[in-house]
Amino acid sequence: MRIINARLRQKTELYTIEIEKGLFSAINAQDKSLAASEGDIDARGQLLCAPFVEPHIHLDAALTAGEPEWNRSGTLFEGIERWSQRKPMLNREDIRRRVKETLALLIDNGVQHIRTHIDTTDPSLIAMRTLCELRDELKDVLDIQVVAFPQEGIHSYPNGEALMAQAMEIGADVVGGIPHFEYTRELGEKSVKTLIQLALKYDRLVDVHCDEIDDPNSRFLEFLAHEAMQAGIGDRVTASHTTAMHSYDNAYCSKLFRLLKHSGIHFVSCPTESIHLQGRFDSYPKRRGLTRVKELTAAGMNVGLAQDSIFDPWYSLGNGKLLRSLDFGLHICQMMGYDDFVRALDFITDNSAKLMQLKNYGIVEGHPANAILLSGEDDYSVLRNQGEVLLNLRHGKILMQRQPSTVTQRVSL
Ligand code: FE2
């Protein structure tokens, strides 16, 4: 199989990409546009890009908004209440149906790699079992990392620590946490120690919902970074949200950045979710409540952008489009300069692949032939036009293909 007339990121020429036995076998620049032979995919000068990576989504809660009640205040804390009402209604069929529907949305929008946070504060652990089952069942189609996520706390929920350990035994890939939601600061710190120990014991990655609050005194990030550094696993740790950093004093933040840099931990920000949930206790002016994506990036740290929710108790919109999260993120974080645009797709591709420690990611000879074709020639045009995903290719096989939408009639100007 060949893909001809493709553009690649940060390159100006057209390329021919050959695929054999599910791998990229040759990638060569073309002198000029080629005519397609039978079996070729003609990219028509559009951008062939590594698949999008969704590093933070709650698949167990997806598509449950309004069940049994709507989150009327729009706050994160009411979201947790609404979800605890929905949890007793979970069963295997319900979870499988909603997760598959959500995965189809993600595939249609160019995603092949997903990290999903699955609630462990449920004595049945039905969502954890079902997600691990689906991860294994669908491994030829998508890579899924399952995070054991203690939504109601490790030490503030009955038996929370034992449930986390059970989730590891069931097969969770990543240890999660929520230190700012534990009853006290002491329990928050204890939860960070517990989750790092679990990661060491089971040899797993770490991804913590950390300081997802507007409280400038919520400082579990420094504790997490230090514990990760001490344990020698900084590169295996991600701090998600860290929205309190938006409200930190600049002098404190400057000191904190030194530690963050030394620790080597990664970050995930969820722009649509945070702009919706944060600043809810402000009158005017209202804080944007996103972590400092621009400053973290400028300091050489790794940040991925994610959706977090699709139609769930916390966020009742969402459509599987990471380009939308990227668009919001760049606006809210005021990353709207030319240099930001020309590498914008890094935030939903390479950066997230790095924090998820994906192997053989990217359009490189010898790697699995995983790629998406986007309408647009480069990062800038794809972003500006919110380009469509025209093709989603995995191991050389087509997961999804769509016709580009076209205007069929227009008034003469
Ligand atoms: Fe989350």
Per the 1.4 Å probe, what fraction of the accessible area of the chain, in percent, lies on carbon and sulfur atoms? 49
How high is the relative contact order of the chain, in percent, with contacts defined as C-alpha pairs under 8 Å that are six or more residues apart? 19
At 222 nm, what helix-only mean residue ellipticity would the chain give, in deg cm²/dmol to the nearest 500, using -39500 (n - 2.57) for each DSSP H run of four or more? -10000 deg cm²/dmol
Between residue 40 and residue 400, how high is the FRET efficiency from 1/(1 + (r/R0)^6) when r is the Cβ-Cβ distance and R₀ = 30 Å? Nearest 0.05. 0.95
Chymotrypsin sites (Phe, Trp or Tyr not before Pro) in region 232-304 lying in a DSSP loop, each with at most 11 other Cβ atoms within 10 Å of its Cβ, come to 281
As an exercise, identify the chymotrypsin sites (Phe, Trp or Tyr not before Pro) in region 1-103 lying in DSSP coil whose Cβ has no more than 15 other Cβ atoms within 10 Å. 70
Using a simple spin-label model with points 7 Å from Cα along the Cα→Cβ vector, what separation in nm is obtained for residue 13 and residue 29? 0.4
Quick check for me: using +1 on Lys/Arg Cβ and -1 on Asp/Glu Cβ, what's the dipole size of the chain about its Cα centre, in debye to the nearest 20? 440
Per Stokes-Einstein, at 37 °C and 0.692 mPa s, what whole-number D in µm² s⁻¹ belongs to region 1-143, with the Kirkwood radius over Cα pairs as the hydrodynamic radius? 180
In a Gaussian network model over the chain where Cα atoms closer than 10 Å are linked, find which of 266, 113, 367 has the largest mean-square fluctuation. 367
Stokes-Einstein at 4 °C, 1.567 mPa s, Kirkwood radius from Cα pairs: D for region 19-64 in µm² s⁻¹? 88
Could you give the length gained by full extension between residue 169 and residue 67, i.e. 0.36 nm per residue of separation minus their alpha carbon distance, to one decimal place? 33.7 nm
Please work out how much length the chain gains when fully extended from residue 193 to residue 249, using 0.36 nm per residue of separation minus the C-alpha to C-alpha distance, in nm with one decimal. 17.6 nm
Which lysines have a Cα lying under 30 Å from the Cα of residue 255, excluding residues fewer than 8 positions away in the same chain? 190, 193, 286, 294, 354
Among 28, 392, 109, residue whose mean-square fluctuation peaks in a GNM of the chain (springs only between Cα atoms under 10 Å): 28
Taking the chain as a Gaussian network, where each spring joins two C-alpha atoms under 10 Å apart, which residue of 351, 319, 385 fluctuates the most? 385
May I ask for the equivalent-ellipsoid semi-axes of region 185-254, computed as the square root of five times each C-alpha gyration tensor eigenvalue and listed largest first in whole Å? 22, 12, 10
So, for the chain, what is the accessible surface per residue at a probe of 1.4 Å, expressed in square angstrom? 43
Note: the chain at 4 °C, 1.567 mPa s; Kirkwood Rh on alpha carbon pairs; Stokes-Einstein D in µm²/s works out to 59
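The values are calculated or read from the model by the stated rules, or taken from the named source; none is laboratory data. Just so it is clear, the structure is predicted and the values come from calculations on it, not from any experiment. Using ideal geometry, Cβ is built from the backbone for each residue, glycine included, and neighbour counts are taken over all protein chains shown. Side chains included, ligands, DNA and RNA excluded: accessible areas come from the protein's heavy atoms. Shrake-Rupley method; radii C 1.70, N 1.55, O 1.52, S 1.80 Å.
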